[in-house]
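Reading through the structure tokens given below for one structure.
Values quoted throughout were computed directly from the atomic coordinates according to the rules given, and no laboratory measurement underlies them. Please read these numbers as outputs of a predicted model, since none were measured by experiment. Heads up, the Cβs are rebuilt from the backbone with ideal geometry, glycines too, and the neighbour counts pull from every protein chain shown.
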Amino acid sequence: MSSIMSIVVHATWDEEASVWVATSNDIGGLAVEAETMEALEPKVKAALTDLIELNGISSQLPEIPIYIMSEQLSRIPNPHRA
């Protein structure tokens, strides 16, 4: 049984599918998507709760901090390109 102190979740914008996709290196099996970050957070929490239990992960903390780090590529026109 492994123990964790916090979980880092990476949320990346998938332009093709128009959804945020959440994964984590701290807990295997996390793959959640939603159209907005606001909709993604409760899905991430629910999935992590299930994955923690299924994987037999423990923590000495009463609550496990989750850091959701978002990343989105955006573009602007190049003013020097004719």
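Of the residues Leu40, Leu61, Leu48, the one that moves most in a GNM of the chain with alpha-carbon contacts below 10 Å is Leu61.
Beyond 18 Å, what percent of the Cα pairs of the chain remain?
On the way: 1546 of 3321 pairs.
Counting pairs separated by more than 18 Å, the tail of P(r) holds 47 percent.
So how tilted is helix 37-54 from the main axis of the chain? Cα-based, degrees 0 to 90, rounded to 10. Around 30 degrees separate the two axes. 3J(HN,Hα) along the range 15-21, derived from phi through the Karplus expression 6.51 cos²θ - 1.76 cosθ + 1.60 where θ = phi - 60°, amounts to 4, 5, 8, 6, 9, 7, 10 Hz, with x in place of Gly and Pro. Over the residues of the chain, the helix contribution to mean residue ellipticity at 222 nm works out to -7500 deg cm²/dmol, using -39500 (n - 2.57) for each DSSP H run of at least 4.
Exposed loop sites, defined as GluC sites (Glu not before Pro) outside DSSP H, G, I, E and B with at most 16 other Cβ atoms within 10 Å, are absent from the longest region of the chain, namely 36-62. Summary value for the chain: 39 percent relative contact order, contacts being C-alpha pairs under 8 angstrom separated by 6+ residues.
Amide H contacts of Val32: Ala22, each under 5 Å away and 5 or more positions distant or on a separate chain (H built 1.01 Å from N in the peptide plane; Pro and chain starts excluded).
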